[in-house]
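Working notes, structure below.
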Amino acid sequence: QVQLVESGGGLVQAGGSLRLSCAASGISFGIFNMGWYRQAPGKQRELVAAITTGGATNYADSVKGRFTISRDNAKNTVYLQMNSLKPEDTSVYYCQARRSMGWVMNDITYWGKGTLVTVSS
């Protein structure tokens, strides 16, 4: 019932740009924090960018100044604008929706299936 569907991945040359989208359904989008994670072969999953329900953002140091996360609550969609792409950005990018339940209950977390971004050099 809950779905997070990523799109926008593909092959791009170093220095190019790409915009990822994550469309959510089955959740009350406005009360979920949203994030983009990536996982390359042989590496751990890492947080790329996050945006809270209130619009506060946070980025991994490796993408600061190059990537921008945004959300459109009317469209139940979160975006990741990626500029000045580098080969080391190559990864599968995953969308996450998370609702914090405070100190008493576990967080509610949902994941998309991922979209592949390949940056050639």
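Listing for the model above:
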{"item": "Nitroxide proxy distance, nm - points 7 Å out along Cα→Cβ at residue 104 and residue 66", "result": "4.4 nm"}
{"item": "Accessible area per residue, Å², the range 19-77 with all protein chains present, probe 1.4 Å", "result": "52 Å²"}
{"item": "Heavy-atom accessible area ranking, 1.4 Å probe, most first, across 85, 11, 18", "result": "11, 18, 85"}
{"item": "DSSP bridge pairs, the chain: antiparallel proportion in percent, nearest 5", "result": "90 percent"}
{"item": "Accessible surface of the chain, 1.4 Å probe, proportion on carbon and sulfur as whole %", "result": "48 percent"}
{"item": "Rounded if a/c under 1.5, otherwise prolate or oblate - the range 1-89, Cα gyration tensor axes", "result": "prolate"}
{"item": "Rounded if a/c under 1.5, otherwise prolate or oblate - the range 6-50, Cα gyration tensor axes", "result": "oblate"}
{"item": "Solvent exposure ordering (accessible area, 1.4 Å, most first) of 51, 31, 108", "result": "31, 108, 51"}
{"item": "The chain, relative contact order [Cα under 8 Å, separation at least 6], %", "result": "34 percent"}
{"item": "Between the range 50-121 and the range 15-42, the alpha-carbon center distance in angstrom", "result": "4 Å"}
{"item": "Sequence of 61, 107 from largest to smallest accessible area, 1.4 Å probe", "result": "61, 107"}
{"item": "Gained length - residue 81 relative to residue 23, 0.36 nm times residue gap less alpha-carbon distance", "result": "19.4 nm"}
{"item": "Trypsin sites (Lys or Arg not before Pro) restricted to the range 42-121 and DSSP loop, no more than 16 other C-beta within 10 Å", "result": "43, 45, 64, 66, 113"}
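The values are calculated or read from the model by the stated rules, or taken from the named source; none is laboratory data. Everything numeric here is computed off the predicted structure, so don't read it as measured data. Cβ coordinates were reconstructed from backbone atoms using ideal geometry, including for glycine residues, and neighbour counts include every protein chain displayed. Remember, those area values only see protein heavy atoms, side chains included, never the ligands or the DNA or RNA. Shrake-Rupley method; radii C 1.70, N 1.55, O 1.52, S 1.80 Å.
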